[in-house]
Amino acid sequence: MSAAVSAAVSAAGAVGAAAQVVLVAAGAPVLVGLMRQVRARLEGRAGAGFLQPWRDLRKLVRKEAITPDGTGPIFRTAPLVLAGTALVIAAVIPVATTASPLDGAADLFAVAALLALGTVALALAGLDTGTAFGGMGASREMTVMALVEPTILVSIFALSVPVGSTNLGAIVTSTLHEPQRVASPASVLAAVALAVVAIAETGRIPVDNPSTHLELTMIHEAMVLEYAGPDLALVEWASAMRLTILLGLVANLFAPWGIAGASPAMLPVALIAFAAKVAVLGGALAAGEVFMAKLRMFRVPELLAGSFVLALLAVAASYFLVAP
Amino acid sequence: MKDLLRKIRGTGRVAEPAPARPEGASAGRAREFGGSVQVRHVDAGSCNGCEVEIASAFGPVYDAERYGARLVASPRHADALLVTGPVTRNMRMALRRTYEAVPEPKVVVAVGDCACDCGVFAEAYGVVGAVGDVVPVDVEVPGCPPPPDAITAALRGLTGR
């Protein structure tokens with residue numbers, strides 16, 4: 001009897017995990033298109049429509065693949081590693097269901113390490129091209145990453161302290177049971193810290209400008225200057241998925257309502273709720289970008305160090321400011 | 001921030017209503033690109049008059065981006081090269097290499113009289129020739145400088161939107 005129940009639960013979880021991978025993979029370019037559309041409307045433009053990134057990807061896949069002279073296997077495998085890690089993270093983290101059969105891998109440290117693996121693969125590819133801008137972009141990306149990764153770890157760790165587990169699914173489930181925890185000082189501090197590093201990690205204003213044409217101001221774009229055709233499509237698709245994943249993490253860690261547990265009936269609701277949460281966060285991010293200029297490169301570490309301090313304070317608060 | 005918000009609300013939409021789709025001579029190209037053309041601009045020796053018009057074409061009023069054209073930072077990302085000016089001796093090799101860096105299928109758009117037939121710089125000592133003498137040109141946009149709607153119309157012929 002209990003074996004049958006657990007089998008049904010894991011089947012529902014497997015369906016949920018598959019559904020959330022499909023949602024992230026198909027929805028990520030739409031999110032990027034939506035954010036561009038929000039920006040365009042605020043700038044008085046008409047905008048290309050929120051399906052434009054999918055048109056770009058469809059065209060890029062049909063184009064000729066170019067491997068620049070002198071590049072090795074690192075350059076060729078980096079897009080695959082980047083997209084692969086993004087898909088794995090999309091499968092394990094609590095996007096739509098907390099009962100994913102891969103739940104054991106949804107550990108805070110594993111997810112942060114997978115994110116870092118993708119970043120490092122792309123930075124190595126930037127170095128592999130041997131161009132001045134590739135190396136410059138890689139060095140900048142590493143500077144940002146060295147400050148972003150510890151902040152992601154520490155801020156989510158602050159949330160894991162009251163739960164007693166670093167499993168992301170367990171953190172989300174426990175927040176569902178005790179919603180008052182969202183308003184605790186530790187949670188608010190961690191939310192701010194995580195929001196800042198999510199912006200930095202995905203290369204948005206004020207840390208990086210995704211639509212810049214000036215090589216000297218680029219971070220992420222400088223590393224991918226040499227990619228063409230299907231490889232570029234993979235890199236852009238993976239970058240969009242990482243943006244979706246990070247916004248989704250922020251949404252589900254601090255507002256997990258709507259997420260499905262083990263019941264398959266809740267799954268469509270959970271998928272719609274996730275899409276709505278990420279669309280709202282993405283729209284707010286795009287609208288905020290209109291009011292901001294990019295920070296000078298030298299000021300970025302100050303911003304990120306500030307968010308790291310917030311994350312540290314969140315950990316301290318989660319130990320000392322415990323509700324009686 | 002408050003001022004900017006008021007300005008955004010007061011200005012509203014400045015993009016002009018889209019004119020009718022031009023009958024493109026490059027319908028075959030448009031099918032290849034499927035409504036998305038990434039554009040790399042190359043200044044081969046222009047006086048910067050055409051650059052001002054290209055900036056306007058991608059500005060909010062003409063908004064070439066709504067038809068699926070987008071300026072990119074690298075020829076590797078591009079489908080179309082937007083070349084302006086007569087090709088000078090120092091830019092001949094650079095233009096050639098930029099053209100070779102673009103993945104197939106690719107098109108070259110010569111923008112302005114100088115790019116089409118050297119214009120007022122014809123037979124000047126530093127000029128190699130028109131863009132067509134260095135790389136194969138697919139679309140020509142005449143004018144000195146060409147108005148932004150002519151540039152936008154040429155790009156719409158490529159995106160097919």
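The values are calculated or read from the model by the stated rules, or taken from the named source; none is laboratory data. Quantities reported herein were computed from a predicted structural model and do not represent experimental measurements. No Cβ is skipped: glycine too gets one built from the backbone with ideal geometry, and neighbour counts run over all protein chains shown. Ligands, DNA and RNA are stripped out before the accessible areas are found, and what is left, the full protein with its side chains, is counted by its heavy atoms. Shrake-Rupley method; radii C 1.70, N 1.55, O 1.52, S 1.80 Å.
Have a look at B:Gly12, A:Ala17, B:Pro147 and report the one farthest towards the positive end of the charge dipole of the protein assembly as shown, computed about the Cα centre with Cβ charges (Lys/Arg +1, Asp/Glu -1).
B:Gly12
Compare B:Asp149, A:Asp103 by solvent-accessible area with a 1.4 Å probe and give them largest first, with all protein chains kept in place.
In descending accessible area the options line up as B:Asp149, A:Asp103.
Would you list B:Arg40, B:Arg97 from the most to the least accessible area, probe 1.4 Å?
Correct descending sequence by accessible area is B:Arg97, B:Arg40.
So if I place +1 on the C-beta of Lys and Arg and -1 on the C-beta of Asp and Glu, and nothing else carries charge, what would the dipole magnitude of the protein assembly as shown be about its Cα centre? I want it in debye, nearest 20. Write down the numbers at each step before the final one.
Values: 37 positive and 38 negative charges, 207 e Å.
For the protein assembly as shown, the charge dipole is close to 1000 debye.
Restricting attention to the alpha-carbon atoms of segment B:1-92, what are Rg (one decimal) and Dmax (integer), both in Å?
16.6, 51
Roughly how many Å² of A:His213 are accessible to a 1.4 Å probe, to the nearest 10?
Ignoring ligands and nucleic acids, A:His213 comes out at about 80 Å².
For the interface of A with B, what's the total buried accessible surface in square angstrom, probe 1.4 angstrom, rounded to the nearest hundred? Write out the running numbers ahead of the final one.
On the way: alone 14330 and 8900 Å², together 20500 Å².
Using a 1.4 Å probe on protein heavy atoms, the buried area is about 2700 Å².
Keeping the other protein chains in place, figure out the carbon and sulfur percent of the accessible area of chain A, with a 1.4 Å probe.
Carbon plus sulfur share of accessible area: 74 percent.
Can you give me the accessible area per residue for chain B, using a 1.4 Å probe, in Å²?
47
Based on the mean of other beta carbon atoms within 10 Å per residue, what is the order of A:29-37, A:253-261, most packed first?
Result, highest mean Cβ count within 10 Å first: A:29-37, A:253-261.
Size of the dipole of chain B about the Cα centre, Lys and Arg at +1 and Asp and Glu at -1 on the beta carbon, nothing else charged, in debye to 20?
I would put it at about 820 debye.
With a cut-off of 17 Å, note down the residues of segment A:189-203 whose backbone N falls inside the zone around a label point 7 Å from the Cα of A:Ala146 toward its beta carbon.
Under 17 Å, as judged by backbone N against the label point of A:Ala146, lie A:201 of segment A:189-203.
If the chain between A:Leu102 and A:Trp257 were fully stretched, how many nm would it gain, using 0.36 nm times the residue separation less the Cα-Cα distance? It would help to have the intermediate numbers written out before the result.
Working: separation 155, 0.36 × 155 = 55.80 nm, distance 2.11 nm.
Once the chain is fully extended between A:Leu102 and A:Trp257, it gains 53.7 nm.
Would you be so kind as to identify which of A:Thr71, A:Gly33, A:Trp237 lies farthest towards the positive end of the dipole of chain A, taking Lys and Arg as +1 and Asp and Glu as -1 on Cβ and the Cα centre as origin?
So the residue we want is A:Gly33.
Give the value in nm², to one decimal: projected area of the alpha carbon convex hull of chain A, averaged over all directions.
17.5
Tell me, what is the per residue accessible area of segment A:185-324 in Å², probe radius 1.4 Å?
Value for segment A:185-324: 40 Å² per residue.
Please give the Cα centre distance for segment B:28-101 versus segment A:290-321, rounded to the nearest Å.
39
Peptide A:228-239: average number of partner chain Cβ atoms within 10 Å per residue?
Mean partner shielding for this stretch: 2.
Separation between the A:Phe320 and B:Tyr125 pseudo-spin-labels, each 7 Å from Cα along Cα→Cβ, expressed in nm?
7.7
Can you sort B:Asp43, B:Asp117, B:Asp138 by solvent-accessible area, 1.4 Å probe, largest first?
Per-residue accessible area, sorted high to low, gives B:Asp117, B:Asp138, B:Asp43.
What number, rounded to the nearest 500 deg cm²/dmol, is the helix-based mean residue ellipticity at 222 nm of chain A, given -39500 (n - 2.57) per DSSP H run of at least four residues and division by all its residues?
For chain A, the value works out to -24000 deg cm²/dmol.
Inside 10 Å of the C-beta atoms of B:104-115, what's the mean count of C-beta atoms belonging to other chains?
1
With a 1.4 Å probe and all protein chains kept in place, how much accessible area does A:Ser165 have, in Å² rounded to the nearest 10?
About 40 Å², rounded to the nearest 10.
Name the most mobile residue of A:Ala314, A:Ala183, A:Ala305, meaning the one with the largest mean-square fluctuation, in a Gaussian network model of chain A with Cα contacts below 10 Å.
Among A:Ala314, A:Ala183, A:Ala305, the largest mean-square fluctuation in the Gaussian network model of chain A belongs to A:Ala183.
Rounded if a/c is under 1.5, else prolate if a/b beats b/c, else oblate: with a ≥ b ≥ c from the C-alpha gyration tensor eigenvalues square-rooted, which is segment B:37-159?
Judged from the Cα gyration tensor, segment B:37-159 comes out oblate (a/c at least 1.5, b/c at or above a/b).
Using a simple spin-label model with points 7 Å from Cα along the Cα→Cβ vector, what separation in nm is obtained for A:Val269 and A:Val188?
3.0
How big is the accessible area of A:Glu178 in square angstrom, nearest 10, if you roll a 1.4 angstrom probe over the protein chains?
Looks like 70 Å² after rounding.
Can you pull the mean other chain C-beta count within 10 Å for peptide A:57-66?
Values: counts 1, 4, 11, 5, 0, 4, 10, 5, 1, 6.
Counting Cβ atoms of other protein chains within 10 Å of each residue's Cβ and averaging gives 5.
Quick one: putting +1 on the C-beta of Lys and Arg, -1 on the C-beta of Asp and Glu, what dipole do you get for segment A:23-75 around its Cα centre, in Debye to the nearest 20?
Computed about the Cα centre, the dipole is about 300 debye.
Separation of segment A:62-115 and segment B:1-17 by C-alpha centroid, Å?
If we compute the Cα centre of each part, the gap is 40 Å.
Considering the dipole of the protein assembly as shown built from charges on the beta carbon (Lys and Arg +1, Asp and Glu -1) around the Cα centre, which of A:His220, A:Pro256, B:Ser46 is farthest to its positive end?
A:Pro256
Taking amide H positions as placed in the peptide plane 1.01 Å from N, state which residues far from A:Thr97 in sequence (5 or more) or on other chains have amide H under 5 Å from it.
A:Ala260
What number, in percent, do you get for the relative contact order of chain B if the mean sequence gap of Cα pairs under 8 Å and at least 6 apart is divided by its residue count?
Worked out over chain B, it gives 30 percent.
Hydropathy first: keep DSSP H helices in chain A averaging at least -0.5 on Kyte-Doolittle, then drop any whose Cα extent along the axis falls short of 27 Å, and list what survives.
Sorted by number, the helices that extend far enough and score high enough are A:2-42, A:73-92, A:108-128, A:132-163, A:229-254, A:267-290, A:300-320.
Taking the Cβ-Cβ separation of B:Arg13 and A:His213 as r and a Förster radius of 30 Å, what is the calculated FRET efficiency to the nearest 0.05?
With a Förster radius of 30 Å, E is 0.75.
Are there any GluC sites (Glu not before Pro) in segment B:90-161 that are in a DSSP loop and have at most 10 other Cβ atoms within 10 Å? List them by number. Write out the running numbers ahead of the final one.
Values: sites: B:Glu100, B:Glu123, B:Glu140; in loops: B:Glu123.
Answer in residue order: B:Glu123.
Which shape class, rounded, prolate or oblate, goes with segment A:166-324 when its Cα gyration tensor gives a ≥ b ≥ c as root eigenvalues, a/c under 1.5 marks rounded, and past that a/b bigger than b/c marks prolate? Before the final figure, lay out each step's value.
Numbers: a/c = 2.48, a/b = 1.37, b/c = 1.81.
It is oblate, given that a/c is not under 1.5 and a/b is not larger than b/c.
Separation of segment A:127-150 and segment A:188-243 by C-alpha centroid, Å?
Using only Cα atoms, the two centres lie 12 Å from each other.
Expressed as a whole percentage, what fraction of the accessible surface of segment B:37-159 belongs to carbon and sulfur atoms when a 1.4 Å probe is rolled over the protein heavy atoms? The partial results should precede the final answer.
On the way: 2410 of 4590 Å².
Carbon plus sulfur share of accessible area: 52 percent.
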